[in-house]
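To start, the structure itself, in structure tokens.
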Amino acid sequence: MGSLIIIPAATSRNIATSMNSYLALSAAIGMLGAALGILGAVFYHLPPGPTFILIVGALFLVSVFFRKN
């Protein structure tokens, strides 16, 4: 359950430039991951929880390369 909150926030922390963008990106990444996780679960007959984790985990790895200091 913790990964539903932590991974989108950590991903947005890497690319956000302000607190407002951090909050907006966290919500957007969480919603995108949830939607894609559910779609992946329906189309590929996978459990939605692990599918969500794989998707937002991949987004986190991509965000590491675009990290703002």
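The values are calculated or read from the model by the stated rules, or taken from the named source; none is laboratory data. Quick caveat: nothing in here was measured; it's all calculated off a predicted structure. With ideal geometry, Cβ positions are generated from the backbone for all residues, glycine too; neighbour counts draw on all protein chains shown. When the accessible area is computed, the model is the full protein with side chains, heavy atoms only, and any ligands, DNA or RNA have been set aside. Shrake-Rupley method; radii C 1.70, N 1.55, O 1.52, S 1.80 Å.
Residues being of a type in the set (A, V, I, L, M, F, W, C) and either touching an Asp or Glu at 6+ places or on another chain (Cβ under 7 Å) or surrounded by fewer than 16 Cβ atoms within 10 Å (Cβ to Cβ) (or both): count how many of those fall in region 33-44. Number satisfying all stated conditions: 5.
Does Asn20 meet the test of being of a type in the set (S, T, N, Q), modelled with pLDDT of 95 or more and open to solvent by 60 Å² or more (accessible area, probe 1.4 Å)? Criteria met by Asn20.
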